[in-house]
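Step one of this worksheet: look at the structure below.
What follows is calculated from the coordinates using simple rules that are stated; it is not laboratory data. Quantities reported herein were computed from a predicted structural model and do not represent experimental measurements. With ideal geometry, Cβ positions are generated from the backbone for all residues, glycine too; neighbour counts draw on all protein chains shown.
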Amino acid sequence: ERVLVLHGPNLNLLGTREPHIYGTLTQDEIVAETSAAAEPLGIRIDLLQSNHEGALIDALHAAPQQYDGVILNPSALTHTSIALRDAVGAIPTPVIEVHLSNVHAREPYRKVSYVADRVAATVSGAGAGGYVAAVVLLARIFAERGE
Ligand code: DQA
């Protein structure tokens, strides 16, 4: 199976961006760790990051043609974008929402996720481990479907 890690605004700066909140790993290092966990499960990982809401929506629309699952960190769009929420709801591909930080332990506006009730599961506050957890969850979803 193939899984897309889809990253929203500012996540291209991971590694140097507020490392006390988001950790010191870069996107590529997170994807490398996720891929290492995915490989024995027969899952291949691709990464797509955009700072543009429309590009993320386009990627979600295209996902069913190329991918069996999506690991989505919508970053700040989590808390603002009804359009992104609708895109998640519009595709049959299972989506796992991941946040590096614990969004429930931060500013009140981060407690609201517009995608949370459209995704299969949410992992928040586990750092890069959240992506590994998401891969394990997707592998179970694929297995339950008999793929
Ligand atoms: C984030 C949490 C969001 O609130 C924030 O806007 C981000 C990253 C996380 O991974 O912890 O950019 O999604």
### Neighbours by Cβ (under 7 Å, 6+ apart or cross-chain): first from region 102-119, within 21 Å of Tyr131 (Cβ to Cβ) and among the hydrophobic types (A, V, I, L, M, F, W, C); second near the ligand (Cβ under 9 Å from one of its atoms) and assigned to a helix (DSSP H, G or I)
Val103/Arg110; Val115/Thr78
### Message
Pull out all pairs, ordered by first then second residue, where Cβ-Cβ is under 8 Å, the residues are six or more apart or on different chains, the first lies in region 16-36 and is surrounded by 14 or more Cβ atoms within 10 Å (Cβ to Cβ), and the second is charged (D, E, K, R).
### Response
Leu25/Glu33; Ser35/Arg44
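For region 45-64, indicate whether the set of residues that are away from the ligand (no atom under 15 Å from the Cβ) and loosely packed, with under 13 Cβ neighbours inside 10 Å is non-empty. Before the answer, list the steps.
Of all residues in region 45-64, those away from the ligand (no atom under 15 Å from the Cβ) come to 45-46, 48, 54-55, 57-64.
Subsequent filtering for residues that are loosely packed, with under 13 Cβ neighbours inside 10 Å retains 54, 61.
Yes, region 45-64 contains a residue that is away from the ligand (no atom under 15 Å from the Cβ) and loosely packed, with under 13 Cβ neighbours inside 10 Å.
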### Query
Quick check: is even one residue across region 71-89 more than 16 Å from the ligand (Cβ to nearest atom) and in contact with a strand residue (DSSP E or B) (Cβ under 8 Å, 6 or more places away or on another chain)?
no
### Task
Six or more apart or on different chains, Cβ under 9 Å: which pairs go from a residue in region 43-60 that's more than 14 Å from Pro9 (Cα to Cα) to one that's surrounded by 14 or more Cβ atoms within 10 Å (Cβ to Cβ) and among the aromatic types (Phe, Trp, Tyr)? Could you list them?
Ile43/Phe142; Ile45/Tyr131; Asp46/Tyr67
### Message
Can you tell me which residue is surrounded by the most Cβ atoms within 10 Å (Cβ to Cβ) among those in region 90-111 that are part of a helix (DSSP H, G or I) and more than 11 Å from the ligand (Cβ to nearest atom)?
### Response
Ala90
### Query
Among all residue pairs at least 6 apart or on different chains, which show Cβ distances below 8 Å where the first residue, located in region 66-82, is over 26 Å from Arg145 (Cα atoms) and the second is within 6 Å of the ligand (Cβ to nearest atom) and part of a loop (DSSP other than H, G, I, E, B)?
Ser75/Asn10; Ala76/Asn10
